[in-house]
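Below is one structure, written out as structure tokens, with a few remarks after it.
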Amino acid sequence: MKAKFSTTALLVFLSITSFIIMLLLAKQTVMLQKAEEQAKLLKPGDEAYLFDAKDINDNNIKITKKTTAVLIFYSATCGACQRKNHFWEELYEKYGTKITFVGISINSPRKIKAFVQRYGLTFPVIHDKDGYFMQKYKIKWVPSLVLVSNGKIVFCQKYLQETSEAVESISVLINEITNNGVEK
């Protein structure tokens with residue numbers, strides 16, 4: 001009887017140990033996947049994608065190595081984007097004469113125009129057909145804000161916060177860049 005109990009206890013112990021090892025391996029796999037995904041995201045110092053495109057009003061928008069620009073990635077159907085558009089417009093009103101501002105939306109031109117009109121946005125917006133610009137800028141979430149200067153990424157924030165601290169930190173960056181004589 002003792003041998004049977006010991007064998008059963010050993011089997012239970014081995015089963016529990018195997019289960020714990022499987023959980024730890026699964027957790028490690030998820031952590032590695034997250035680290036790989038993080039490595040693919042845009043970060044300061046990365047090369048910016050330079051482009052020449054038309055906005056929804058057929059105006060030319062050009063981002064070159066000499067351009068300083070705020071790129072705002074959003075969707076007209078995104079609740080957070082609807083709540084945060086006043087923040088984008090505030091930045092545009094404050095710095096739009098010093099640097100380029102561009103909204104980039106994956107929605108149809110009709111939805112983009114309705115969004116722009118509904119919220120009174122005055123900065124130019126590009127229709128990102130098929131998510132081309134989102135892919136080039138490695139944007140996975142909206143709203144996201146990217147600050148580009150001299151062909152490099154200076155700042156990138158996903159799930160853009162509209163807190164006064166965020167406005168201040170972005171304002172400080174823009175002021176530093178524009179005070180160094182960078183072109184619009």
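Just so you know, all these numbers are worked out from the coordinates, no wet-lab data involved. What you are looking at is a predicted structure, and each value in this text was computed from that prediction instead of being measured. Note that we place each Cβ from the backbone using ideal geometry, even for glycine, and neighbour counts take in every protein chain shown.
Values computed for the structure shown
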item: Förster-model FRET efficiency, 41 Å R0, ASP46 and LEU11, C-beta, rounded to 0.05; result: 0.20
item: Whole-Hz couplings from phi, Karplus 6.51/-1.76/1.60, listed for segment 109-117; x for Gly and Pro; result: x, 4, 5, 4, 4, 5, 5, 4, 5
item: Relative packing of 109-122, 91-104, 49-62, 130-143, which averages over residues the other C-beta atoms within 10 Å, highest first; result: 91-104, 130-143, 109-122, 49-62
item: Additional length obtainable on full extension of the chain from ASN60 to TYR119, 0.36 nm per residue less Cα span; result: 19.0 nm
item: For ILE104, residues with placed amide H under 5 Å, excluding near neighbours; result: ILE72, PHE73, TYR74, ILE126
item: FRET efficiency, LEU23 to SER169 (Cβ-Cβ, R0 35 Å, nearest 0.05); result: 0.35
